[in-house]
Amino acid sequence: MEKTVKLIIDGNTYELPVIVGSEGEKAIDIRKLRQETGYITYDPGFASTGSCRSSITFMDGEKGILRYRGYPIEQLAEHSTFVETSFLLMNGVLPTRKELNQVRVHLNDNSLVHEDMQDFFRSFPRASHPMGILSSMVTALRSFYPEYMSAEENINTTFLRLLSKVRTMAAMSYKISRGHKVIYPRQDLTYCANFLNMMFDSPVKPYEIDEDLVRALNIFWILHADHEQNCSTAAVRVVGSGKVNIYAAISAGIAALWGPLHGGANQAVIEMLTDIAANNGDVNRAVEKAKDRNDPFRLMGFGHRVYKTYDPRAKIMKAMCDIVLSKMKKSDPLLDIARKLEEVALKDPYFIDSNLYPNVDFYSGIVLRGLGIPTNMFTVMFAIGRLPGWISQWKESIDDPHWRISRPRQVYTGEKERDYIPIDER
Ligand code: SDX
């Protein structure tokens with residue numbers, strides 16, 4: 001017996017179907033609401049609105065649970081690799097050894113970027129933000145690889161081409177921005193080792209692959225790989241709903257991720273911690289500013305639309321800081337400030353009452369600094385990690401029988417009809 005809810009509007013009773021998810025999430029199916037009642041709903045920011053049914057990622061914001069295709073993030077971070085987790089997200093199951101080896105061959109075969117694309121990278125002003133470059137160049141991939149999704153080409157080849165080339169392009173962009181020699185991917189290196197080598201190898205100072213740092217990068221990207229219907233994934237789905245090619249949809253996701261309220265927060269956290277350090281490490285001043293409703297300042301890396309407890313990814317990221325820094329024989333004064341800031345904030349009623357806890361971005365910048373990644377590339381690192389999630393969500397959306405082009409309604413609050421006024425009478 002289908003579950004329904006009753007809605008009484010203007011004296012009429014309407015019965016609306018209820019959709020219940022596999023983890024008990026209940027949704028009122030309002031697809032026929034306007035047609036039957038003449039009413040629409042109003043939910044800017046979509047805090048109470050489900051845009052789709054999805055079997056990719058499950059989050060429980062109250063309990064701090066995150067699972068990809070049913071596997072807890074803690075287990076994937078401990079046992080999996082970024083390539084294996086990407087396969088899981090895109091295919092719904094963990095790969096066999098044979099499948100994983102096939103993926104590795106595809107990633108290697110697709111790891112080079114068309115030589116002509118280097119001209120584009122060299123043409124950007126040196127001070128260009130890497131996120132703007134990445135978003136532009138992913139759209140440009142459509143021009144260089146038009147054979148995508150052709151009848152012959154298996155969709156997974158398209159996905160793996162994107163996964164491999166976006167990583168290569170990010171490192172290439174960095175090298176070119178520094179005026180350094182571009183380092184090519186190597187057939188003998190794994191996905192993450194290749195990225196670190198392409199970023200830091202040099203003809204005069206060969207980069208030594210450190211397996212602990214490669215492991216840290218795998219975990220970093222696993223933690224970022226998907227997060228259900230966040231802002232940038234919603235952008236990929238909305239742009240993809242017009243049946244545009246996948247490169248354009250992913251480019252829209254990169255653009256959406258750039259904002260400081262979303263993926264840009266990892267860069268904003270470091271800027272905030274640096275500012276606190278410049279003010280004698282006065283974390284109380286930052287906490288007070290964040291609490292002041294008349295002050296637009298917010299504690300970057302804190303708060304979340306879904307998590308009303310500690311972000312499970314932040315717990316793992318926090319532990320990784322010490323591992324990476326000790327491996328690099330570095331200390332980072334910003335980590336001490338971050339810990340102090342967290343301690344003060346989590347004792348403050350403002351943050352406790354609003355359920356504001358550290359999110360994935362609060363400690364991720366410290367890990368990236370430990371790896372030697374420049375601050376303006378932090379959100380690019382988030383984008384590479386989120387790529388398998390965007391790809392999986394895009395694929396699920398175009399395969400969804402309920403899927404239609406995204407076109408929200410609005411509540412019009414403007415002028416009623418009025419006549420044109422000739423300019424000399426205004
Ligand atoms: C990511 O959605 C995802 O899953 C995203 C992500 C992913 O993996 O894709 O997890 C990645 O984007 C993490 C979030 C990174 N952004 C930041 O760290 C920026 C700082 N955080 C905030 O801007 C905010 O918490 C958001 C944007 C994350 C969430 O915004 P919401 O859900 O719209 O919450 P809100 O702005 O309505 O805040 C509710 C209240 C407000 O106070 P009142 O107006 O009700 O009095 O909490 C306050 C806010 O002022 N508040 C904060 C705060 N976050 C919320 N106050 C101070 N500092 C903060 N960080």
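The values are calculated or read from the model by the stated rules, or taken from the named source; none is laboratory data. Here the structure is a predicted model, which means the values were calculated and not measured. Cβ placement follows ideal geometry from the backbone for every residue including glycine, while neighbour counts extend to all protein chains displayed. Areas reflect the complete protein model, heavy atoms only, side chains present, ligands, DNA and RNA absent. Shrake-Rupley method; radii C 1.70, N 1.55, O 1.52, S 1.80 Å.
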- Task: Excluding Tyr350 itself, calculate the net charge of residues whose Cβ lies under 11 Å from the Cβ of Tyr350, where each Lys or Arg counts +1 and each Asp or Glu counts -1.
- Result: -1
- q = 0.19 Å⁻¹, the stretch 4-50: log10 I(q)/I(0) [Debye, one scatterer per Cα]: -0.69
- Cross-link reach list, aspartates and glutamates versus Lys243, counting only Cα pairs under 15 Å and skipping chain neighbours closer than eight places: Glu396, Asp399, Asp400
- Item | 13 Å beta-carbon shell around Glu288, net charge (K/R +1, D/E -1) | +1
- Dmax and Rg, reported as Rg then Dmax, of the stretch 97-138 (C-alpha, Å): 14.8, 44
- Query: Any idea what angle helix 265-278 forms with the longest principal axis of the chain, computed on alpha-carbon atoms, 0 to 90 degrees, nearest 10?
  - Reply: 70
- Mean shadow area of the chain, taken as a quarter of the surface of its Cα convex hull (nm²): 28.4
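Expressed as a whole percentage, what fraction of the accessible surface of the chain belongs to carbon and sulfur atoms when a 1.4 Å probe is rolled over the protein heavy atoms?
Values: 11490 of 22100 Å².
Of all accessible area on the chain, carbon and sulfur atoms account for 52 percent.
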- Note on the structure: In vacuo Debye sum over C-alpha of the stretch 1-127, base-10 log of normalised intensity I(q)/I(0) at q = 0.10, 0.13, 0.14 Å⁻¹, listed in q order, is -0.63, -0.83, -0.87
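Find out how many positive minus negative residues lie around Gly61, taking Lys and Arg as positive, Asp and Glu as negative, among other residues whose Cβ is under 14 Å from that of Gly61.
Details: positive: Lys63, Arg67, Arg305, Lys308, Arg313; negative: Glu23, Glu25, Asp60, Glu62, Glu228, Asp311.
Within the 14 Å Cβ shell, the charges total -1.
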- GNM result for the chain, Cα springs below 10 Å: residue of Thr13, Thr49, Thr274 fluctuating most strongly: Thr13
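Any of Lys63/Lys318; Lys181/Lys318; Lys26/Lys308 with alpha carbons more than 23 Å apart? Name them for me.
Correct reply: Lys181/Lys318.
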- Query: Solvent-accessible area per residue for the stretch 57-400 at a 1.4 Å probe radius, Å²?
  - Reply: 42
